[in-house]
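Inspection log for the structure reproduced underneath, given as structure tokens.
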Amino acid sequence: MNGIFGGWGFNGLYRWTSGFPFSVFAGNGWSTNFELPGSSIVRGPKLKTGVFFDSSGNPVFKDPQSITCACVPATAGNTNFRATYPGEAGQRNNFRGPGFFAIDAGIPKVWKVGEQKNLRFAWEVFNVTNSVRFDAAGSLIGQSLVSITGFGIFNTELTQPRVMQYSLCFAF
């Protein structure tokens, strides 16, 4: 009976984090020096970030088509962002990407073989729910507010898909 019903175990780990902060660059040159471009300045209400889906099922920021920019500092108008003026550093890390949660779990079984020998079998699953964390800052690489073709569309992930592993250990 102990060989079938005894020696079982269960372990698990739960992680829940907020999203990483990121900035949006104006993409129109270097306002502070010759190495670092300035971050854009948000005008009006802050845009909603998180995981939303467009009509094709792609994860995006909320309504990326409505994003407009006054990329020349002299132009104002009704825009979401403006470029930095010479000498301004812009607003850094004023957006947050989507958060993440993950569950890792394992089920081990131990059989006693004699007095000092054990046989241990374990099945472990990492990212049980197969959750995805999209890289909000990575979706802005190569994108600027000058040409908003793919702005706000998540194209990279920060997590690995579900992974399972089995192990068998004989201790003597």
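The values are calculated or read from the model by the stated rules, or taken from the named source; none is laboratory data. Keep in mind that what you see is a predicted model, and the values were worked out from it rather than measured. In this analysis, Cβ positions are derived from the backbone assuming ideal geometry, glycine residues included, and neighbour counts consider all displayed protein chains.
For residues that are in a loop (DSSP other than H, G, I, E, B) and over 23 Å from residue 51 (Cβ atoms), tally how many sit in the stretch 6-20. Before the answer, list the steps.
Keep residues of the stretch 6-20 that are in a loop (DSSP other than H, G, I, E, B), which gives 6-7, 9-10, 18-20.
If we keep only those that are over 23 Å from residue 51 (Cβ atoms) too, we end up with 6-7, 9-10.
Within the stretch 6-20, residues that are in a loop (DSSP other than H, G, I, E, B) and over 23 Å from residue 51 (Cβ atoms) number 4.
Looking for whichever is at pLDDT below 70 and not basic (Lys, Arg) here; the options are 89, 26, 83. Which one fits?
Details: 89 fails: at pLDDT below 70; 83 fails: at pLDDT below 70.
Criteria check complete, one pass: 26.
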* The one condition in (1) part of a loop (DSSP other than H, G, I, E, B); (2) over 33 Å from the mean Cα position of the chain (by Cα) that residue 119 fails to fulfil -> (1)
* Considering every residue within the stretch 90-106, establish whether at least one is touching a residue at least 60 places away in the same chain (Cβ under 8 Å) and on the phi > 0 side of the Ramachandran plot. => yes
* Hey, among the residues in the stretch 87-126 that are among the polar types (S, T, N, Q) and closer than 30 Å to residue 47 by Cα, which one's surrounded by the fewest Cβ atoms within 10 Å (Cβ to Cβ)? -> 93
* Check whether at least one residue in the stretch 140-158 is at pLDDT 75 or above, in contact with a Lys or Arg (Cβ under 9 Å, 6 or more places away or on another chain) and either within 29 Å of residue 56 (Cα to Cα) or surrounded by fewer than 16 Cβ atoms within 10 Å (Cβ to Cβ) (or both), and report yes or no. => yes
